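Q: Take this structure first; my questions come after.
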């Protein structure tokens with residue numbers, strides 16, 4: 001191949017990767033804090049990495065490869081009874097399909113979430129990486145990278161049950177009022193995101209506005225202010241306007257989200273000064289987050305996890321782009 005072709009490929013790959021990097025530039029985290037009924041959070045880092053398979057997940061070997069799991073990961077399974085972590089009951093094992101991996105993140109990283117395709121298919125059909133990150137943060141999760149996949153199409157709503165089970169197994173207590181309130185916000189945002197699915201930036205902007213609003217309400221609450229539903233709607237509307245999506249979000253959708261935010265504001269997490277800071281930081285990250293990949297290799301605390309993440313990037317983004325450009329020149333001849 002001529003020097004010109006090599007240079008051209010290098011430039012075009014850089015342009016392509018620059019675009020994909022901006023589309024996948026945030027992260028997801030599991031709790032770095034212990035949450036009890038009496039307090040919102042206490043500092044406690046995730047001690048090791050976990051993979052949690054849904055009870056109905058098949059082809060777990062391929063699932064593990066997709067999630068970037070190594071031999072060091074502790075293995076767990078979520079059953080229908082584990083749906084209680086997200087406030088659900090009467091769930092059968094057959095409904096637990098999505099699987100998650102949790103890896104400790106570098107201190108201060110926050111909650112970063114990656115959704116991985118399974119055999120090239122987008123099987124998490126309803127929940128975005130940004131929604132997972134928002135909900136996990138509202139539940140008290142911090143400095144953990146969460147990776148989600150499923151071997152068949154599912155909504156993805158049950159994935160957080162695996163996150164909370166892993167944290168619980170690790171000795172990190174998660175307050176049920178926090179997790180249920182967080183899950184309700186995740187569900188409340190789904191209607192607006194689905195209605196705006198043709199706008200790839202909407203999910204990031206909406207979750208940014210919602211997360212920022214939650215942190216601001218917690219700060220007001222801690223300052224002694226009475227937080228009514230009207231206060232929540234007004235604050236949320238301001239943040240939707242700041243993100244430029246107020247005209248894309250109906251009043252009914254805004255009210256539904258505000259009602260869910262009220263539950264978060266009444267949960268122990270909103271008594272935490274650390275949560276105010278975490279929500280502010282995540283809100284800033286989310287506003288520019290587009291696509292399924294939030295965490296990058298340097299966000300992992302463990303070098304082997306970072307290597308896995310870097311290899312995934314090379315195999316799934318770099319190599320295909322390079323091969324694509326090589327194919328153009330091969331077909332066009334010299």
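The values are calculated or read from the model by the stated rules, or taken from the named source; none is laboratory data. Since this is a predicted model, take the numbers as computed values, not measurements. All Cβ positions, glycine included, derive from the backbone under ideal geometry; neighbour counts span all protein chains shown.
Q: Say we look at the range 259-298 and pick out the residues that are crowded, with 23+ Cβ neighbours inside 10 Å and in contact with a strand residue (DSSP E or B) (Cβ under 6 Å, 6 or more places away or on another chain); which of these is modelled with the lowest pLDDT?
A: Per the criteria, the residue is 295.
Q: Taking the stated definitions as given, is residue 59 farther than 14 Å from residue 154 by Cα, in contact with a strand residue (DSSP E or B) (Cβ under 9 Å, 6 or more places away or on another chain), at pLDDT below 95 and surrounded by fewer than 21 Cβ atoms within 10 Å (Cβ to Cβ)?
A: Criteria met by residue 59.
Q: For residue 111, are the conditions met, namely being crowded, with 24+ Cβ neighbours inside 10 Å and either modelled with pLDDT under 95 or touching a helix residue (DSSP H, G or I) at 6+ places or on another chain (Cβ under 9 Å) (or both)? Don't jump to the end; show me each part of the working.
A: Details: crowded, with 24+ Cβ neighbours inside 10 Å: yes; either modelled with pLDDT under 95 or touching a helix residue (DSSP H, G or I) at 6+ places or on another chain (Cβ under 9 Å) (or both): yes.
Against the criterion (crowded, with 24+ Cβ neighbours inside 10 Å and either modelled with pLDDT under 95 or touching a helix residue (DSSP H, G or I) at 6+ places or on another chain (Cβ under 9 Å) (or both)), residue 111 qualifies.
Q: Take the residues in the range 88-143 that are in a strand (DSSP E or B) and out of contact with any strand residue (DSSP E or B) (no Cβ under 6 Å at 6 or more places or on another chain), then tell me which one is nearest to residue 212 (Cα to Cα). Reasoning before the result, please.
A: Just the residues of the range 88-143 that are in a strand (DSSP E or B), to begin with: 99-105, 111-115, 118, 121, 124, 141.
From what's left, out of contact with any strand residue (DSSP E or B) (no Cβ under 6 Å at 6 or more places or on another chain): 104, 121.
On the way: 104: 24, 121: 32 Å.
Ranking the candidates gives 104 first.
Q: Moving on. Would a scan of the range 208-216 turn up a residue that is modelled with pLDDT of 95 or more, buried (at least 19 other Cβ atoms within 10 Å of the Cβ) and not in a helix (DSSP H, G or I)? Break it down into steps so the answer makes sense when it comes.
A: Applying the first criterion (modelled with pLDDT of 95 or more) to the range 208-216 yields 208-216.
Within this subset, residues satisfying the condition of being buried (at least 19 other Cβ atoms within 10 Å of the Cβ) are 208-216.
Keeping just the survivors that are not in a helix (DSSP H, G or I) gives none.
So far as the range 208-216 goes, no, none of its residues is modelled with pLDDT of 95 or more, buried (at least 19 other Cβ atoms within 10 Å of the Cβ) and not in a helix (DSSP H, G or I).
Q: Let me ask another. Among the numbered criteria (1) in contact with a helix residue (DSSP H, G or I) (Cβ under 8 Å, 6 or more places away or on another chain); (2) crowded, with 19+ Cβ neighbours inside 10 Å; (3) at pLDDT below 95, which one does residue 80 miss?
A: (3)
Q: If I ask for residues that are closer than 30 Å to residue 284 by Cα and not in a loop (DSSP other than H, G, I, E, B), which ones from the range 67-87 would you list?
A: Looking only at the range 67-87, we keep the residues that are closer than 30 Å to residue 284 by Cα, and these are 67-69, 85-87.
Across the range 67-87, the qualifying residues are 67, 85, 86.
Q: Sort out which residues of the range 244-258 are outside any helix (DSSP H, G or I) and crowded, with 22+ Cβ neighbours inside 10 Å, and write them in order of number.
A: Initial filter on the range 244-258 (outside any helix (DSSP H, G or I)): 244-245, 249-250.
The answer is 249, and nothing else.
Q: Follow-up question, since we're still on this one. Could you say whether any residue in the range 223-236 is in contact with a strand residue (DSSP E or B) (Cβ under 7 Å, 6 or more places away or on another chain), within 21 Å of residue 111 (Cβ to Cβ) and either in a helix (DSSP H, G or I) or at pLDDT below 95 (or both)? Talk me through it step by step, then tell me what you get.
A: As a first pass, look at the range 223-236 and keep what is in contact with a strand residue (DSSP E or B) (Cβ under 7 Å, 6 or more places away or on another chain): none.
No: zero hits.
Q: Taking residue 184 as meeting all but one of (1) buried (at least 24 other Cβ atoms within 10 Å of the Cβ); (2) touching a residue at least 60 places away in the same chain (Cβ under 8 Å), write down the number of the exception.
A: Unmet condition: (1).
Q: Six or more apart or on different chains, Cβ under 7 Å: which pairs go from a residue in the range 262-289 that's farther than 20 Å from residue 143 by Cβ to one that's outside any helix (DSSP H, G or I) and modelled with pLDDT of 95 or more? Could you list them?
A: That search, which allows pairs on different chains as well, returns 265/227; 287/243.
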